[in-house]
């Protein structure tokens with residue numbers, strides 16, 4: 001520890017990565033105390049460790065008081081129940097933390113309520129990652145309040161949980177709140193069906209901030225796609241839509257294609273791992289030809305069906321190629337507009353002010369036919385700008401390595417203290433009333 005302290009004393013680091021490196025409470029606590037004292041890092045990765053109550057208390061102090069720490073990855077750690085309240089208070093008071101990873105931390109019930117309560121009044125956290133926590137319908141009620149009250153939260157990652165249709169109802173209530181600032185919502189693999197598309201449609205019609213929605217690996221089916229189309233058509237902010245593995249056939253794809261033809265906002269559409277044949281391809285190709293904003297449309301290359309005539313097989317491939325052509329046309333057109341909309345400023349004018357002249361040449365770029373590169377469906381989430389690569393739908397393989405906390409630890413037995421003022425007592429009373 002002396003050697004590590006010497007490094008922290010003399011160097012300001014960007015990232016400290018101690019993933020799988022902390023083996024006992026004492027060393028973990030000492031490390032976090034040094035990071036706070038020397039303000040040594042802005043990014044801390046302490047995931048996949050065995051951290052007891054003492055370590056979490058020190059980590060809470062680091063979150064609360066550090067002026068440099070802006071990203072914390074504490075995923076795949078068991079959080080003792082005794083330290084959830086002080087960790088919640090630390091989140092409430094933090095002024096610099098912006099990205100929080102708590103994936104695979106077995107959060108549910110009281111722990112989710114307290115963490116969400118701490119984040120409601122936080123003014124710095126913009127990203128919250130809660131994948132693989134087995135969150136339930138009841139947990140989404142607390143997340144709904146967080147969406148409605150948080151003034152800074154812009155990304156919420158709920159991959160691989162069990163919020164189901166009723167849970168999405170609660171989230172949609174939060175999205176419809178005028179105060180909601182969320183821009184990215186990932187609902188990959190949450191047992192959502194077509195039933196939940198009606199409230200989601202209402203939320204899309206009212207929400208003015210959401211720009212990325214990932215519904216991959218949920219059984220939306222054709223009925224859900226038809227319902228969702230109305231919300232998509234009435235929304236003007238959505239830029240990226242993920243529908244990977246949503247059990248869509250040609251009917252559902254045609255509904256999405258109707259939205260694509262009218263949208264002037266959508267930039268990325270992912271329809272891989274769906275049952276799309278010639279009819280769906282034709283609809284998508286016609287819509288993509290009319291669309292001027294989509295820069296990328298992901299679709300599996302049609303499989304060779306021996307039952308189809310050679311002419312139809314060739315037509316399928318041509319339609320698939322056309323999607324890449326139209327996307328490239330849109331990318332080229334945007335690049336041309338960006339370069340041509342130059343601003344020339346004249347030093348003089350009649351009234352003595354600087355005069356601005358804009359040149360806008362909107363010549364259509366030459367169309368170059370290139371095929372989009374097929375990409376594994378497991379990379380769908382990364383390419384929708386969510387930070388980590390797509391995890392399996394099942395819990396992580398290294399889950400058995402996470403050691404359960406050795407029982408509830410009382411404050412007296414461990415002699416653990418945390419600064420606690422009258423505001424904290426009022427906050428605890430408020431949180432307890434919310435839970436009850």
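The values are calculated or read from the model by the stated rules, or taken from the named source; none is laboratory data. From a predicted model like this one, the values you see are computed outputs, not experimental measurements. Cβ placement follows ideal geometry from the backbone for every residue including glycine, while neighbour counts extend to all protein chains displayed.
Could we say that residue 265 is under 20 Å from residue 183 (Cα atoms) and surrounded by fewer than 19 Cβ atoms within 10 Å (Cβ to Cβ) here? So residue 265 passes the test.
What residue, among those in segment 124-141 that are in contact with a strand residue (DSSP E or B) (Cβ under 8 Å, 6 or more places away or on another chain) and part of a loop (DSSP other than H, G, I, E, B), is nearest to residue 72 (Cα to Cα)?
First, pick out the residues of segment 124-141 that are in contact with a strand residue (DSSP E or B) (Cβ under 8 Å, 6 or more places away or on another chain): 125-131.
Those still in the list that are part of a loop (DSSP other than H, G, I, E, B) too: 125-126, 130-131.
Working: 125: 11, 126: 12, 130: 13, 131: 15 Å.
So, considering only residues that are in contact with a strand residue (DSSP E or B) (Cβ under 8 Å, 6 or more places away or on another chain) and part of a loop (DSSP other than H, G, I, E, B), the one nearest to residue 72 (Cα to Cα) is 125.
There is no residue in segment 14-25 that is closer than 23 Å to residue 67 by Cβ, modelled with pLDDT of 90 or more and more than 29 Å from the chain's Cα centre (by Cα). Comparison of 258, 202 shows that the only residue that is under 24 Å from residue 273 (Cβ atoms) and either more than 20 Å from the chain's Cα centre (by Cα) or modelled with pLDDT under 95 (or both) is 258.
Residue 23 passes every criterion in (1) free of Cβ contacts under 8 Å to residues at least 60 places away in the same chain; (2) in a helix (DSSP H, G or I); (3) over 15 Å from residue 102 (Cβ atoms) apart from (2). Evaluation of residue 147 against the conditions (1) within 14 Å of the chain's Cα centre (by Cα); (2) in a loop (DSSP other than H, G, I, E, B) shows that the sole unmet condition is (2).
Note on segment 294-321: residues that are buried (at least 18 other Cβ atoms within 10 Å of the Cβ) and farther than 18 Å from residue 243 by Cα amount to 2.
Rundown of residues vs (1) over 24 Å from residue 279 (Cβ atoms); (2) in contact with a helix residue (DSSP H, G or I) (Cβ under 7 Å, 6 or more places away or on another chain); (3) part of a loop (DSSP other than H, G, I, E, B); (4) at pLDDT 90 or above, yes/no style:
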position: 302; (1), (2), (3), (4): no, yes, yes, no
position: 319; (1), (2), (3), (4): no, yes, no, yes
position: 325; (1), (2), (3), (4): no, no, no, yes
position: 331; (1), (2), (3), (4): yes, no, no, yes
position: 336; (1), (2), (3), (4): yes, no, no, no
position: 339; (1), (2), (3), (4): yes, no, no, no
position: 366; (1), (2), (3), (4): yes, no, yes, no
position: 371; (1), (2), (3), (4): no, yes, yes, no
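Please pick out the residue among 242, 252, 279 that is in contact with a helix residue (DSSP H, G or I) (Cβ under 7 Å, 6 or more places away or on another chain) and surrounded by fewer than 24 Cβ atoms within 10 Å (Cβ to Cβ). Explain how you work it out, then say what you get.
Numbers: 242 fails: surrounded by fewer than 24 Cβ atoms within 10 Å (Cβ to Cβ); 252 fails: surrounded by fewer than 24 Cβ atoms within 10 Å (Cβ to Cβ).
One residue alone meets the criteria, 279.
Scanning segment 69-85 for residues that are surrounded by fewer than 22 Cβ atoms within 10 Å (Cβ to Cβ), modelled with pLDDT under 95 and either within 15 Å of residue 39 (Cβ to Cβ) or under 25 Å from the mean Cα position of the chain (by Cα) (or both) returns 78, 79. Pairs are defined by a Cβ separation below 8 Å, a sequence spacing of at least 6 or placement on different chains, a first member in segment 307-331 that is more than 16 Å from residue 281 (Cα to Cα), and a second member that is part of a helix (DSSP H, G or I); no pair meets this definition.
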